[in-house]
Amino acid sequence: MKAGVFQFCPKFGEVEGNLNLIENALSKVDADLIVLPELCTTGYQFTSHDEVEALCESVLDGSSIRRFIQLCEDRQFYLVVGIGERSDTGCYNSSVLIGPKGHIGTYRKVHLFNKEKTWFKQGDLGFPVWDIGLAKIGMMICFDWIFPEAARSIALQDADILCHPANLVLPFCPDAMITRSIENRIFTITANRTGTESREAQESFHFIGQSQMTSSKGDLFFRMGEDESGVHIVEIDPTQARNKQITETNQLWDDRHPETYIINRTGKN
Ligand code: ACM
């Protein structure tokens, strides 16, 4: 299976232009699965609820989704796309899995970062996993990386590949995703964006690029540059993620002891 990322710099509010750029970049790529960054059609830094409403779209029949489906049909690949979702229950920072036959599934970001809490509702779909035949796919978005429970929830449902659209600003995530990969024995694909956004009087955000992909044992296949734009694809065998043997006598799932784990905080401070 050929899988990878497209790292680029979306322009805020220019959905049509961003879609054109994505289509051009992917129009000749030979791949089975490509992950795109978080909010890659809209840009990141919203300044009003009106703007959020205007730029978010239905992930079932919005015009961006229709174009992504067409691209998947033309190229016979699967995409994981970070997109602003407008639904009957509100707007979400979402990631969508799309294939040649259409929309497959949606993940809505659970751990909202910073001002995202103002613009988006907390995700309410859990951390589902989908079987696309070639591999089992789970999705999380950017800041979810700092909560190991997110990746673990995906791995516990037998995902082979954790797809991770991102708009990273903190420097820790690329290395942390190697750990997420090792501790869950899954492939990870982080697709980050590049560039800086500084809208109206808001704080300036510099995005750190460094999109990367790890094997199921945490080996780095590649890490892109901070300002690099482009597609990076590698050949993987996703079934390697199904081998959870760590040593001869240690198997990741058999050796867990959930009865000893504390999942809710007991401290008083
Ligand atoms: C982030 O979660 N976009 C930093």
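The values are calculated or read from the model by the stated rules, or taken from the named source; none is laboratory data. Given the structure is predicted, the values throughout are model-derived calculations rather than measurements. Neighbour counts run over all protein chains shown; Cβ positions are idealised from the backbone, glycine included. Remember, those area values only see protein heavy atoms, side chains included, never the ligands or the DNA or RNA. Shrake-Rupley method; radii C 1.70, N 1.55, O 1.52, S 1.80 Å.
When the chymotrypsin sites (Phe, Trp or Tyr not before Pro) in the stretch 131-237 are filtered for DSSP coil states and for at most 16 other beta-carbon atoms within 10 Å of their beta-carbon, the remaining sites are PHE172.
Translational diffusion of the stretch 133-269, estimated by Stokes-Einstein from the Kirkwood radius over alpha carbon pairs at 20 °C in a medium of 1.002 mPa s, is 132 µm² per second. Remark: C-alpha extents of the stretch 1-64 on the principal axes read 41, 25, 17 Å, sorted largest to smallest.
Its Cα gyration tensor gives the chain an equivalent ellipsoid, and the semi-axes of that ellipsoid, as √(5λ) in whole Å with the largest first, are 28, 22, 17. Seen from a random direction on average, the alpha-carbon convex hull of the stretch 62-142 projects onto 5.4 square nanometres. The residues of the stretch 195-263 have, on average, 62 Å² of accessible surface per residue, using a 1.4 Å probe with all protein chains present. Overall size of the stretch 34-85 from C-alpha positions, given as principal axis extents largest first: 37, 20, 11 Å.
For PHE172 and THR239, the FRET efficiency from 1/(1 + (r/R0)^6), where r spans their Cβ atoms and R0 equals 25 Å, is about 0.25. Across the stretch 110-205, Cα-Cα pairs farther apart than 23 Å form 28% of the total.
Per atom type, the chain shows carbon and sulfur on 49% of its accessible surface, probed at 1.4 Å.
The gain in end-to-end length when the ASP124 to ASP227 segment is fully stretched comes to 33.7 nm, 0.36 nm per residue minus the alpha carbon separation. The phi torsions of the stretch 49-56, fed into the Karplus equation with coefficients 6.51, -1.76 and 1.60 and a -60° offset, translate into couplings of 5, 4, 5, 4, 4, 6, 9, 6 Hz, rounded to whole numbers, with Gly and Pro shown as x. Amide H contacts under 5 Å for VAL110: GLY123, ILE141, restricted to partners 5 or more places along the chain or on a different chain, H placed in the peptide plane at 1.01 Å from N. With contacts taken as Cα pairs under 8 Å at a separation of at least 6 residues, the chain carries a relative contact order of 19 percent. Given the stretch 20-168 reduced to its alpha-carbon atoms as identical point scatterers, what log10 I(q)/I(0) does the Debye formula return at q = 0.11 Å⁻¹? At q = 0.11 Å⁻¹ the computed log10 ratios are -0.38. Translational D (Stokes-Einstein, µm²/s) of the stretch 156-217 at 25 °C and 0.890 mPa s when Rh comes from the Kirkwood sum over C-alpha pairs? In µm²/s, the coefficient rounds to 194.
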